[in-house]
Amino acid sequence: MTSFLIRHFRQLGLTVWLYLNIEELIKIHHLNRINIHTGPGGLFLTRSLSIPVIVTSHHTYWQQSHYIRSQFWKRLFIPIEKKTYQIASRIICVSHDTKRILVDHYGISAEKITVIHNAVDTGRFKPLNKDKDRHSLLYVGRVDKRKGVEFLIRSMPLALQQVPDAMLLVAGKGTHLDKMKSLTIQLELEQNITFLGYVPDDQLNSLYNQTQCVVVPSMFEGFGLTVIEAIAAGTRVIGTDADGIRETLASTDFGRLVPYGDHHALAEAIVAELKEPKSAKLIDPEYQLDHFRTRYLDALSAPSVS
């Protein structure tokens, strides 16, 4: 709790400092436009500026307060967040789901929004043509409530009824890590779940390649970078039919979708992927860096939309 408060007070401090000093920074550095990424600190710059402001929206406080019951209090930030989107010259969303939220719940004009999916470096994430560990699953990401690790762990006993030697690797750390380790012991899954802790970026591609299937069990995502990293490495993905995930996994060439919270559906998907392993098809050029750079730079230089 202490670290949470410290982090948010620092972000609030940055917001206040920017609010007071941003015009001076514009003059000193001869800036002709500003790109703000959503989240505390950058997002709450709720004043009109002398130059265009482009906001890159990863996800919204509406999604956090709507999908995560324990974060209902974040709806207090929605009016401030909405003001920032209103003063923006243009908005870049990393998914069509986020765009839909801004249009439907924030009243932002669709003409003001450009959707540009996040991209993956296919020089780093690529097939290595190595043998995959039999009946292996992988989770990569923070271990917290929104990421759905508890949903995945509670689905494992059902999957193990049909694939008893299935092994889940959990790569990441977070506020729920100790709780998930305790749950693993409680469900007597110590032989089937291994917690790897933090895995450096330069080791992730090898991990993706050695695994039969990656699971992304989140309540929602802004985009879900793990999905395209795994696909670029040639590994199929089971993801939740949730914001930021569904549009990438709409094609069964890359994996399959399950409803968040449906343990039987997730277990069935795990069994299907492990019993009939196959590789993901080549990733769409839309998710590659060259395409991303071109579209992002074009969006930053595009005329303002009021």
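Read-outs throughout are calculated quantities, based only on the coordinates presented, and are distinct from any laboratory measurement. In this text the structure is predicted, and so the values were computed from the model without any measurement. Because the Cβ atoms are built from the backbone with ideal geometry, glycine has one as well, and the counts that use them run over all protein chains shown.
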May I have the extent of the alpha carbons of segment 198-301 along their three principal axes, as whole Å values ordered from largest to smallest?
-> 48, 28, 28
Hey, got the dipole for the chain? About the Cα centre, +1 on K and R Cβ, -1 on D and E Cβ, debye to the nearest 20?
-> 800
Considering lysine pairs in segment 136-284 that are 8 or more places apart or on different chains, how many have Cα atoms under 26 Å apart?
-> 10
Asp178 to Leu14: FRET efficiency via 1/(1 + (r/R0)^6), r the Cβ-Cβ distance, R0 51 Å, to the nearest 0.05?
-> 0.95
Output the Cα-based Rg and Dmax of segment 83-183 in Å, rounding Rg to one decimal and Dmax to a whole number.
-> 19.7, 55
With each label point set 7 Å from Cα along the Cα-Cβ vector, what nm distance links Ile80 and Thr294?
-> 4.0
Table column - 3J(HN,Hα) (Hz), segment 161-174, Karplus curve with 6.51, -1.76, 1.60, x for Gly and Pro = 4, 10, 10, x, 9, 4, 10, 9, 9, 10, 9, x, 9, x
Here the Cα Rg-to-2.2 N^0.38 Å ratio for the chain is 1.07
For Lys112, go through the lysines and keep the ones whose alpha-carbon is under 23 Å away, minus same-chain ones fewer than eight residues off.
-> Lys82, Lys83, Lys99
Relative exposure of Val199, Val215, judged by other C-beta atoms within 10 Å (fewest first) | Val199, Val215
Over segment 136-284, what lengths in whole Å, largest first, do the semi-axes of the equivalent ellipsoid take, defined as the square roots of 5 times the eigenvalues of the alpha-carbon gyration tensor?
-> 21, 17, 15
Between Leu189 and Leu128, what is the FRET efficiency for a Förster distance of 25 Å, r being their Cβ-Cβ separation, to the nearest 0.05?
-> 0.30
Under 15 Å Cα to Cα from Lys126, which aspartates and glutamates show up? Leave out anything in the same chain fewer than 8 places away.
-> Asp201, Asp202, Glu229, Asp284
Would you mind ranking His264, His117 by Cβ crowding within 10 Å, fewest neighbours first?
-> His264, His117
When the charge dipole of segment 136-284 is computed with +1 on Lys and Arg Cβ and -1 on Asp and Glu Cβ about the Cα centre, the Cα farthest towards its positive end, among Ile185, Ile228, Val214, belongs to Ile185
Please give, to one decimal in nm, the separation of the simple spin-label points placed at His264 and Ser301, each 7 Å out from Cα toward the Cβ.
-> 5.6
Determine the distance separating the Cα centre of segment 103-136 from the Cα centre of segment 244-264; give it in Å without decimals.
-> 13
Residues His37 and Thr252, FRET efficiency given R0 of 30 Å [Cβ-Cβ distance, rounded to 0.05] | 0.40
Net length gained if the chain between Ala110 and Ile68 were fully extended (0.36 nm per residue, minus Cα distance) | 12.5 nm
Compute the long axis of helix 2-29 from its Cα atoms, compare it with the longest principal axis of the Cα atoms of the chain, and write down the angle in degrees, 0 to 90, nearest 10.
-> 40
